[in-house]
Structure formats: structure tokens, C-alpha cells
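Reading through the C-alpha cells given below for one structure.
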Amino acid sequence: MIHISSRIGKDRYKVDIKSPSGNTVIADEPASVGGQDLGFSPRELLVASLAACTSATLRMYADHKGWDLQTVELEMDLERDDASNRTQIIRNLKLTGTLDETQRARLLAVANSCPVHKILSNPIDIETVLV
């Protein structure tokens, strides 16, 4: 289980997020919607989570196989259509290194099976308990 805590005070939309190990992140909304733009917006954090997981998973896999993967670069876009209640994440993946087509195809499959991708691609139940 992963545990995260967050707190918002009087600063409009600025949220301090903490992990049990002491890592912290600030989430905020852009100035255009009343925030201070002090950190990633919540939607940006969601997409950033997928980018980080994809990158790290590919790095681990290539290292395990001994493949010459020099860099993984991602450009991510999140598009939300409230009318149809659909969200689309477009992930553009650039792999550099000495990789043949079989290795590149395998890395694409690995990208599509990183843990966060699996979470976002399957049903999610969210339970909210007032304490």
C-alpha cells in the first residue's frame, strides 16, 4: 500500500503533498484559474506520474537486458472531454541508443505495461471516508 498525505491551508490552491519517507511536492493551479502556479497542477501530476513510471520501467528493463538505451524522452498530453466523460493521454516516446527494431518494439510493449499505465488503464475504485 502507498500512503500519501496532503494539506491545504489559506494559500489559495497550494497543496503540500508528503510521502512517509519525507519527500514533498507542491501542487497548485495556474494563475489563470486563481492559483499561484507554485507547482504542478493535479492533472499535470497525474500525467507526470505516468511519464516517470514509463521512463523508469524502460530504464530498468533495458539495463536488465544489457541493451544500449541511452535516453528515454517523453512528451505527454492529457485531453479531457467533459461532455463525453472521456480522457485521453497521448504519450510520444523517443528512445535513443543502439537498438534494433525488435528491441524497440519490445520497449514499446514494456512502456504499455508499466505499473502506472496498468492502474490508469483498468477500473479504479475510490472510496472517500470522512474522519
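Structure values in brief
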| item | result |
| --- | --- |
| Residue count, the stretch 88-111 (criterion: touching a Ser or Thr at 6+ places or on another chain (Cβ under 7 Å) and farther than 14 Å from Glu73 by Cβ) | 1 |
| Residue list for the stretch 1-23, filter: hydroxyl-bearing (Ser, Thr, Tyr) and surrounded by 10 or more Cβ atoms within 10 Å (Cβ to Cβ) | Ser6, Tyr13, Ser19 |
| Residue match in the stretch 56-64 (condition: modelled with pLDDT of 95 or more and touching a strand residue (DSSP E or B) at 6+ places or on another chain (Cβ under 6 Å)) | yes |
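Listed here are the residues, each with its yes/no results for (1) of a type outside the set (Lys, Arg); (2) closer than 17 Å to His117 by Cβ.
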| site | (1), (2) |
| --- | --- |
| Arg7 | no, no |
| Thr24 | yes, no |
| Gly39 | yes, no |
| Cys53 | yes, yes |
| Gly66 | yes, no |
| Leu69 | yes, no |
| Asp81 | yes, no |
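The values are calculated or read from the model by the stated rules, or taken from the named source; none is laboratory data. All values derive from a computational prediction rather than experimental measurement. Please note: Cβ atoms are built from the backbone with ideal geometry, for glycine as well, and neighbour counts cover all protein chains shown.
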